[in-house]
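Worksheet: one structure, shown below.
The values are calculated or read from the model by the stated rules, or taken from the named source; none is laboratory data. Since we're looking at a predicted model, the values are computed, not measured. So basically every Cβ, Gly included, is an ideal-geometry build from the backbone, and we count neighbours across all protein chains shown. Areas reflect the complete protein model, heavy atoms only, side chains present, ligands, DNA and RNA absent. Shrake-Rupley method; radii C 1.70, N 1.55, O 1.52, S 1.80 Å.
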Amino acid sequence: MSLKLGVNIDHVATLRQARQATYPDPLAAAELCLYVGADYIVIHVRNDNRHMSEKDLARLCKAYRPYMHLECNFSEKMQKMALKYKPASVCIVPEEPGEVTTTGGLKFTPKNFDRIRAMTEALQKKNIRVSLFVSPDAASIRTAAKCGADIVELCTRDYSEATTKKAKEKCLRDLALASLLAKELGLEVHAGHGLDYENVLPVADLCGIGCMNIGFSIIARAVLSGLPNAVSAMKELL
Ligand code: PXP
């Protein structure tokens with residue numbers, strides 16, 4: 001099975017919202033990513049709509065539904081939105097007010113377990129595949145399986161933020177064991193958060209991982225690698 005890449009294009013919308021402009025357009029970004037081989041387009045619609053909005057989801061699902069992977073929290077509001085636009089898959093993630101980015105995997109409690117399981121079932125009934133974003137530990141993986149998820153996305157934040165070789169190796173071992181357990185429980189395994197051009201390969205090499213979801217590092221690189229063309233085009237005009 002070849003390793004798939006989901007490109008998270010949230011930060012195209014972050015740039016657009018910095019000017020409350022109409023560009024750069026996430027739809028154009030999705031088209032470019034798919035054209036050069038991205039397997040999925042990932043967007044995270046947050047309650048504060050600070051980058052992607054419901055309107056973006058609507059436009060992207062209309063054009064590229066089979067490739068669309070939505071990240072959202074497990075509120076009734078987000079469930080309703082996902083059911084309205086029907087992306088191919090949804091990753092349920094935690095959301096803390098004011099967070100700069102997702103801070104980690106779902107922290108299951110008896111109360112949110114019932115909500116997450118209900119949302120999982122409601123989405124699956126409409127043929128939307130459900131992924132749960134979890135920390136790479138056995139308890140989280142087992143709970144995700146009990147929720148009836150199709151996929152677990154292993155949170156690589158601890159790995160990407162580890163500062164010593166020893167800490168990185170420990171994180172990789174945790175990811176490897178989590179991946180094996182998830183496969184054993186019949187789950188598809190994805191991974192993401194904080195992955196970049198320097199740290200991605202050891203995770204990509206782990207057994208069982210089918211898809212990597214990567215955003216910030218790709219968009220950040222695109223800004224710099226696109227700058228020479230953008231400046232040359234303006235100079236030519238002048
Ligand atoms: N996967 C999930 C569940 C996320 O919440 C995020 C960040 O939105 C990513 C992957 C992508 O992380 P990054 O932008 O750091 O590559």
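Just wondering, is there one or more residues in the range 131-153 that are of a type in the set (Lys, Arg), under 27 Å from MET52 (Cβ atoms), surrounded by fewer than 17 Cβ atoms within 10 Å (Cβ to Cβ) and in contact with a Phe, Trp or Tyr (Cβ under 9 Å, 6 or more places away or on another chain)?
Among the residues of the range 131-153, not one is of a type in the set (Lys, Arg), under 27 Å from MET52 (Cβ atoms), surrounded by fewer than 17 Cβ atoms within 10 Å (Cβ to Cβ) and in contact with a Phe, Trp or Tyr (Cβ under 9 Å, 6 or more places away or on another chain), which makes the answer no.
Between ALA30, ALA21, which is in contact with a Phe, Trp or Tyr (Cβ under 6 Å, 6 or more places away or on another chain) and either closer than 18 Å to CYS211 by Cα or part of a loop (DSSP other than H, G, I, E, B) (or both)?
The match here is ALA30.
For the range 1-46: of the residues being among the hydroxyl-bearing types (Ser, Thr, Tyr) and within 14 Å of the ligand (Cβ to nearest atom), which is nearest to the chain's Cα centre (by Cα)?
Only one residue fits best here, namely TYR40.
Select from the range 200-223 the residues that are open to solvent by 50 Å² or more (accessible area, probe 1.4 Å) and more than 16 Å from HIS44 (Cβ to Cβ) and list them in ascending order.
LEU201, PRO202, ASP205, CYS207, ARG221, ALA222, VAL223
Starting from residues that are open to solvent by less than 30 Å² (accessible area, probe 1.4 Å) and over 17 Å from GLY148 (Cα atoms), keep the ones in the range 180-199 and report whichever is farthest from the ligand (Cβ to nearest atom).
Per the criteria, the residue is ASN199.
Output the residue which, of all residues in the range 102-126 that are without any contact (Cβ under 8 Å) to a residue 24 or more places away in the chain and outside any helix (DSSP H, G or I), is most open to solvent (accessible area, probe 1.4 Å).
Only one residue fits best here, namely LYS107.
Take the residues of the range 218-238 that are among the aliphatic types (A, V, I, L, M) and within 28 Å of the chain's Cα centre (by Cα): which is nearest to ALA38 (Cα to Cα)?
Only one residue tops the list, namely ILE218.
Residue check: is TYR159 out of contact with any strand residue (DSSP E or B) (no Cβ under 8 Å at 6 or more places or on another chain), among the aromatic types (Phe, Trp, Tyr), within 12 Å of the ligand (Cβ to nearest atom) and open to solvent by 60 Å² or more (accessible area, probe 1.4 Å)?
no
If you go through the range 90-114 one residue at a time, how many are small (Gly, Ala, Ser) and away from the ligand (no atom under 12 Å from the Cβ)? Before you say what the answer is, go through the steps one by one.
Initially, the range 90-114 is screened for residues small (Gly, Ala, Ser), giving 98, 104-105.
The next check asks that each one be away from the ligand (no atom under 12 Å from the Cβ); those that pass are 98.
Residues flagged as small (Gly, Ala, Ser) and away from the ligand (no atom under 12 Å from the Cβ) within the range 90-114 amount to 1.
Could you say whether any residue in the range 162-179 is in contact with a strand residue (DSSP E or B) (Cβ under 7 Å, 6 or more places away or on another chain) and more than 16 Å from GLY104 (Cβ to Cβ)?
yes
Looking at the range 59-86 only, could you name the residues that are in contact with a helix residue (DSSP H, G or I) (Cβ under 7 Å, 6 or more places away or on another chain) and either open to solvent by less than 30 Å² (accessible area, probe 1.4 Å) or of a type in the set (Asp, Glu) (or both)?
The answer is LEU60, CYS61, MET68, LEU70, CYS72, GLN79, MET81, ALA82.
So for the range 35-56 (the condition being more than 15 Å from PRO87 (Cβ to Cβ), surrounded by fewer than 18 Cβ atoms within 10 Å (Cβ to Cβ) and touching a helix residue (DSSP H, G or I) at 6+ places or on another chain (Cβ under 7 Å)), does at least one residue qualify?
Yes, the conditions are met somewhere in the range 35-56.
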